[in-house]
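Structure first, commentary second.
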Amino acid sequence: MQSSSSSAQSLRPLIPLADYQRIFRVIHSVLHSVEADIPAASFFFSVTAAQILKKFYKRNAFPVAGAAFYLIREDGGGALSFGTLADDGQSVASTHDAFHAWVQCDGYAIDFMAPLFQELLASAGHPLPVPRQMFQKDLGRMRESVQGLAQAGDFHLAPNLELTRELLQQFMAKKALTNLSQLCLEWFRKPPKAMPDDLALQGADGEVSRIKLQATRIDGVW
């Protein structure tokens, strides 16, 4: 039986909430500045966040695409699903048209789009109030199946390595995406260093615009 201290240690997040929030804000702000389709940007979030974790935190982080299922409410109507679920309620799959992406890092799953779960549901035609919270879970706590989701914050992930490779190749081949991702790395400062509130961006025509840091507040954890 684990002691309370060892249990607390195993549940301790890999990165603090303040750091998670800052990584999220930087990526979200850059995407917002170019009017990106943010609900469809989970792979951009994951690739860029993984690069930030590697560069600034020296973590073995990498993006993963696949099927993802999160329970956000316990009343039977609060499951957020990415991918397909077979009629048996057990088999899950993901494709280019039905997937989600997250970061896997040292035995943890970190979803940097979790603060936007409400927007993701709204874009799918299912508006529900969802708190803006951090999702950072030890993979050992993952439910074995979708049917096992019982409490808010429960999750089931099914990585699709072939899809991940294809999406990563497509991402790296698009200079506009890699440039935006690099911009996030240049702007980011690891706490407790001060973070600039905006960033100057010079266009091809020489005109300078400024990207404002979105002050989206994350209020807790899943």
Tally, over segment 201-222, of residues that are within 18 Å of residue 22 (Cα to Cα) and loosely packed, with under 10 Cβ neighbours inside 10 Å
3
Across segment 127-138, the tally of residues that are surrounded by 13 or more Cβ atoms within 10 Å (Cβ to Cβ) and either without any contact (Cβ under 8 Å) to a residue 24 or more places away in the chain or more than 22 Å from residue 75 (Cβ to Cβ) (or both) stands at 3
Unmet requirement for residue 63, which otherwise passes all of (1) of a type outside the set (Ser, Thr, Tyr); (2) under 12 Å from the mean Cα position of the chain (by Cα); (3) modelled with pLDDT of 95 or more; (4) part of a helix (DSSP H, G or I):
(4)
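Please go through segment 166-211 and give me each residue that is touching a strand residue (DSSP E or B) at 6+ places or on another chain (Cβ under 6 Å) and either over 29 Å from residue 65 (Cα atoms) or among the aromatic types (Phe, Trp, Tyr) (or both), ordered by number. Walk me through it before giving the result.
From segment 166-211, those touching a strand residue (DSSP E or B) at 6+ places or on another chain (Cβ under 6 Å) are 167, 187, 198-202, 208-211; that's our starting set.
Residues satisfying the conditions are 187, 198, 199, 200, 201, 202, 208, 209, 210.
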Go through the residues of segment 200-219 one by one and say whether even a single one is at negative phi, part of a loop (DSSP other than H, G, I, E, B) and touching a His at 6+ places or on another chain (Cβ under 7 Å).
yes
Might you let me know whether segment 96-108 holds any residue that is assigned to a loop (DSSP other than H, G, I, E, B) and more than 16 Å from the chain's Cα centre (by Cα)?
yes
Quick one: is residue 162 closer than 30 Å to residue 88 by Cα and assigned to a helix (DSSP H, G or I)?
yes
List the pairs whose first member sits in segment 15-28 and is without any contact (Cβ under 8 Å) to a residue 40 or more places away in the chain, whose second member is assigned to a helix (DSSP H, G or I) and among the basic types (Lys, Arg), and whose Cβ atoms are under 9 Å apart, counting only residues at least 6 apart or on separate chains?
none
Hey, any hits in segment 70-84 for a residue that's in contact with a helix residue (DSSP H, G or I) (Cβ under 8 Å, 6 or more places away or on another chain), assigned to a loop (DSSP other than H, G, I, E, B) and of a type in the set (Gly, Ala, Ser)?
no
Could you please find all residues in segment 1-29 being at pLDDT 90 or above and polar (S, T, N, Q)?
21, 29
Out of 86, 122, I need the residue that is exposed (fewer than 14 other Cβ atoms within 10 Å of the Cβ) and not charged (D, E, K, R). Which one?
86
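Would you tally the residues in segment 32-43 being farther than 16 Å from residue 101 by Cα and at pLDDT 95 or above?
0
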Taking first residues from segment 174-199 that are on the phi < 0 side of the Ramachandran plot and second residues anywhere that are among the basic types (Lys, Arg), the pairs with Cβ under 6 Å that are 6 or more apart or on different chains are 195/189; 198/210; 198/212
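Kindly evaluate residue 142 against the criterion of being in contact with a strand residue (DSSP E or B) (Cβ under 9 Å, 6 or more places away or on another chain), within 29 Å of residue 80 (Cα to Cα) and surrounded by 11 or more Cβ atoms within 10 Å (Cβ to Cβ). Can you show your working first?
Numbers: in contact with a strand residue (DSSP E or B) (Cβ under 9 Å, 6 or more places away or on another chain): yes; within 29 Å of residue 80 (Cα to Cα): yes; surrounded by 11 or more Cβ atoms within 10 Å (Cβ to Cβ): yes.
It is true that residue 142 is in contact with a strand residue (DSSP E or B) (Cβ under 9 Å, 6 or more places away or on another chain), within 29 Å of residue 80 (Cα to Cα) and surrounded by 11 or more Cβ atoms within 10 Å (Cβ to Cβ).
The values are calculated or read from the model by the stated rules, or taken from the named source; none is laboratory data. Everything numeric here is computed off the predicted structure, so don't read it as measured data. In this analysis, Cβ positions are derived from the backbone assuming ideal geometry, glycine residues included, and neighbour counts consider all displayed protein chains.
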